[in-house]
Amino acid sequence: MSNLRKQVLSEVKRKRLIFITFATLTVVYIGIIFIFGDSGLIKYIEMKNKKAQLEREIKEIERTNESLKSELRLLKENPFYIEKYAREECRMAKPDEYIFLYER
């Protein structure tokens, strides 16, 4: 083989190696950005979990809110419930009644 041919093959191999190295580094860089970047996969998973947690909290607050609305409606409309609430929560009694408190 002539020196010129060896030199050309060597140059082609070197250019091919440079191209493959550059392409590999580019793919690795894009992969790292895709996984660890500000809008990457890890951030997406964190945000998805945070969204699910906030939705659970919202549902719990809505249940509590409905319970409080129901209790408020009873306190406004039901005289029996008003009396029950006054006796149990405020420890009130009618005249000539005694209240016995027990520790639990």
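No value in this document is a laboratory result; all are computed from the given coordinates. Please read these numbers as outputs of a predicted model, since none were measured by experiment. Ideal geometry is used to build each Cβ from the backbone, glycine not excepted, and the neighbour counts take in all protein chains shown.
Taken along the Cα-to-beta-carbon direction at a fixed 7 Å, the label points for residue 73 and residue 27 span 6.3 nm.
Projected onto planes of every orientation and averaged, the convex hull of the alpha-carbon atoms in the chain covers 14.3 nm².
For the chain, set up a GNM with springs between Cα atoms under 10 Å and report which of 46, 83, 62 has the largest fluctuation. Among 46, 83, 62, the largest GNM mean-square fluctuation belongs to 83.
Axis angle, to the nearest 10 degrees, between helix 41-77 and the longest C-alpha principal axis of the chain: 10 degrees.
With a Förster radius of 41 Å, plug the Cβ-Cβ distance of residue 19 and residue 56 into 1/(1 + (r/R0)^6) and report the FRET value to the nearest 0.05. Mind dumping the intermediate values first?
Values: r = 51 Å, r/R0 = 1.24.
Working from the Cβ atoms, E equals 0.20.
Our helix-only sum for the chain, with -39,500 (n - 2.57) per DSSP H run of n ≥ 4 divided by its residues, gives a mean residue ellipticity at 222 nm of -28000 deg cm²/dmol. Each semi-axis of the equivalent ellipsoid for the range 48-104 is √(5λ) with λ an eigenvalue of the Cα gyration tensor; in descending order they amount to 37, 16, 5 Å. What the pair-distance distribution of the range 3-64 shows, using all Cα-Cα distances binned every 10 Å from zero, is 19, 20, 17, 14, 12, 8, 5, 3, 1 percent.
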